[in-house]
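The values are calculated or read from the model by the stated rules, or taken from the named source; none is laboratory data. Just so it is clear, the structure is predicted and the values come from calculations on it, not from any experiment. Cβ sites come from the backbone with ideal geometry, for glycine too, and all protein chains shown count toward neighbours. Accessible surface areas use protein heavy atoms only, side chains included; no ligands, DNA or RNA. Shrake-Rupley method; radii C 1.70, N 1.55, O 1.52, S 1.80 Å.
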Amino acid sequence: MTISEIDTVKSSALGEIAAAATPDAVEALRVKYSGRNGLLPAMMKGLRDVPPAEKPAFGQALNALRAEVAAALDARKAAVAGAGEKREDFDFSLPGNWRGTGSIHPISEVIEETTRIFAQLGFTVADGPDVETEFNNFDALNTAKHHPSRDERDTFWLGPELLLRTQTSPVQIRAMLAKKPPVRIINPGRCYRRDTTDATHAANFHQIEGLYVDVNPVSLADLKSTLSHFAREMMGPSVKVRFRPHFFPFTEPSVEVDLSCHVCKGRGCPVCKQSGWIEILGAGIVDTRVFRRVGYDEDCYGYAFGMGVERIAMIKHGVTDLRMLYANDLRYLRAFL
Ligand code: DAH
């Protein structure tokens, strides 16, 4: 073996590798040169017969050759990967592996849709905790000390002045304490009441609160047009909206708002208890006493509303039992895909 023999092997090996066009051809060259019975191991064995004085030079040249061939094989393998496969063998009409994509739960859908509608009107989303102070949930909202909603049979009390919020209205207080007018927020969130669960009640449910306060006049007409716009966007253009006088401690005047029943289109059915209407929210003009409690100027104007998310989801989808929304029965939830 001579050094020039080694050079010849190197140039022919590198030439052949560069010309290999498919993974199979590269593999054949790997066997030919680097395989157990290949040319390079055989040359390594030939090192035995080289005179001792020349061994280091030969050894170095052979190691370099081995490394260069291995690198060239790897590079070529990567370059031709996939080449030569018979594409026409692949049947593109075969069905793929279906992975379920999931869908949005009706409650999340109502929250997302409501947020979108009010975002277009300039409302931003405010946040508040589920564990609230008595001040934010009741006192600041002008709720009398003896009001029945404070009773421990209605409210989950966690401590002397701490509770699970019974409504999203405390977020109004948080928003006003955090910022001077104008304030235009909505807040979707969980609420808790010691209600016995039945077809239309749950101890844990969702509301979406809205509050608009400005130093310029904000009237009941603004509230009505905003909520009517919301109802049409949410339920479609044919929905009818009804405002009824009501009482809430934190608004004066106060209203309750009904939508024409989506299931029977107002003719009367079991979902609307034959009335043709379903109540979805409470609202009103913010009471000056609330402004006083948060340190706002009493000359401010504002309206507020709080709607029941489950109610809206039920009307929208004709759901007759609220418990079905929480049962996590995929057969049922798939109906909303
Ligand atoms: N928090 C009330 C409830 O849970 C709903 C409500 C009524 C919210 C009037 C308001 C409002 O913001 O102005 O029944």
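Quick one: which residues, 5+ away or cross-chain, put their amide H under 5 Å from the amide H of T251? H built at 1.01 Å from N.
Those qualifying (amide H under 5 Å, at least 5 residues apart or on another chain) are D287.
With the crude spin-label approximation of a point 7 Å out along Cα→Cβ, what separation in nm comes out for D195 versus C264?
2.1
Which entries of K224/K316; K180/K265; K224/K265; K224/K273; K145/K273; K145/K180 show an alpha-carbon separation above 31 angstrom in the structure shown?
Values: K224/K316 21 Å; K180/K265 42 Å; K224/K265 21 Å; K224/K273 25 Å; K145/K273 34 Å; K145/K180 28 Å.
Pairs exceeding 31 Å: K180/K265; K145/K273.
Using alpha carbons only, how many degrees (0 to 90, rounded to 10) separate the axis of helix 106-120 from the longest principal axis of the chain?
80
Kindly express, to the nearest 10 degrees and within the range 0 to 90, the angle between helix 3-19's C-alpha long axis and the longest C-alpha principal axis of the chain.
Taking the Cα atoms of the chain, the angle to 3-19 is about 40 degrees.
Using only the Cα atoms of the range 128-252, build the gyration tensor, take square roots of its eigenvalues as a ≥ b ≥ c, and label the shape rounded, prolate or oblate: rounded if a/c is under 1.5, else prolate if a/b is larger than b/c, else oblate.
Details: a/c = 1.94, a/b = 1.31, b/c = 1.48.
It is oblate, given that a/c is not under 1.5 and a/b is not larger than b/c.
Step through the residues of the range 286-300 one at a time and calculate ³J(HN,Hα) from phi using the Karplus curve (6.51 cos²θ - 1.76 cosθ + 1.60, θ = phi - 60°), rounding each to whole Hz and writing x for Gly and Pro.
4, 5, 4, 5, 5, 4, 4, 5, 9, x, 7, 4, 5, 7, 5
Less than 15 Å Cβ to Cβ from G276, Lys/Arg counted +1 and Asp/Glu -1: what total charge do the surrounding residues give? Write down the numbers at each step before the final one.
Working: positive: K240, R242, R244, K265, R267, K273; negative: D258, E279.
It works out to a net charge of +4.
Which shape class, rounded, prolate or oblate, goes with the range 106-336 when its Cα gyration tensor gives a ≥ b ≥ c as root eigenvalues, a/c under 1.5 marks rounded, and past that a/b bigger than b/c marks prolate? Don't skip to the answer; put the middle values down first.
On the way: a/c = 1.75, a/b = 1.28, b/c = 1.37.
Taking the square roots of the gyration eigenvalues as a ≥ b ≥ c, the range 106-336 is oblate.
If you average the sequence gap of Cα pairs under 8 Å that are 6 or more apart and divide by the length of the chain, what percent do you get for the contact order?
Working: 512 pairs, mean separation 47.6, N = 337.
Rounded, it is 14 percent for the chain.
What FRET efficiency do you get for A67 and S12 if R0 is 22 Å and r is their Cβ-Cβ distance, rounded to the nearest 0.05? Intermediate values should be presented prior to the final figure.
Working: r = 17 Å, r/R0 = 0.77.
E between A67 and S12, to the nearest 0.05, is 0.85.
Provide the net charge surrounding L325, with neighbours chosen by a C-beta distance below 13 Å and charges set as Lys +1, Arg +1, Asp -1, Glu -1. Please report the intermediate quantities before stating the final value.
Values: positive: R311, K316, R323; negative: E109, E310, D321, D329.
Overall, the nearby charge balance is -1.
If we count every other residue with Cβ under 11 angstrom of G38's Cβ, Lys/Arg +1 and Asp/Glu -1, where does the sum land? Numbers along the way, then the final one.
Numbers: positive: R30, K32, R36, R66; negative: none.
Its environment carries a net charge of +4.
Tilt of helix 55-80 relative to the longest C-alpha principal axis of the chain, in degrees (0 to 90, nearest 10)?
Taking Cα atoms only, the helix is inclined about 40 degrees.
Given H placed 1.01 Å from N in the peptide plane, which residues other than close sequence neighbours of G268 have an amide H under 5 Å from its amide H?
The answer is G276.
For the chain, with all protein chains present and a 1.4 Å probe, just round the carbon and sulfur fraction of the accessible area to a whole percent.
Values: 10130 of 18670 Å².
Solvent-exposed carbon and sulfur of the chain make up 54 percent of the total.
Any idea of the accessible area per residue across the range 154-265, 1.4 Å probe, to the nearest Å²?
Working: 5150 Å² over 112 residues.
Each residue of the range 154-265 exposes 46 Å² on average to a 1.4 Å probe.
Starting from the Cα of A79, step 7 Å along the direction of its Cβ; do the same at R323; then give the gap between the two resulting points in nm.
Inter-label distance under the simple model: 7.1 nm.
Ordering K145, K32 by accessible area with a probe of 1.4 Å, largest first, what comes out? Write out the running numbers ahead of the final one.
On the way: K145 145, K32 95 Å².
Order by accessible area, largest first: K145, K32.
Between rounded, prolate and oblate, where does the range 3-79 land on the alpha carbon gyration tensor, with a ≥ b ≥ c its root eigenvalues, rounded for a/c under 1.5, else prolate if a/b exceeds b/c? Kindly include the intermediate steps, with their values, before the conclusion.
On the way: a/c = 2.73, a/b = 2.19, b/c = 1.25.
Prolate, since a/c reaches 1.5 and a/b exceeds b/c.
In percent, what relative contact order does the range 1-73 have, based on Cα pairs under 8 Å that are 6 or more apart in sequence? List each step's numbers first, then the result.
Numbers: 46 pairs, mean separation 30.3, N = 73.
Relative contact order comes out at 42 percent.
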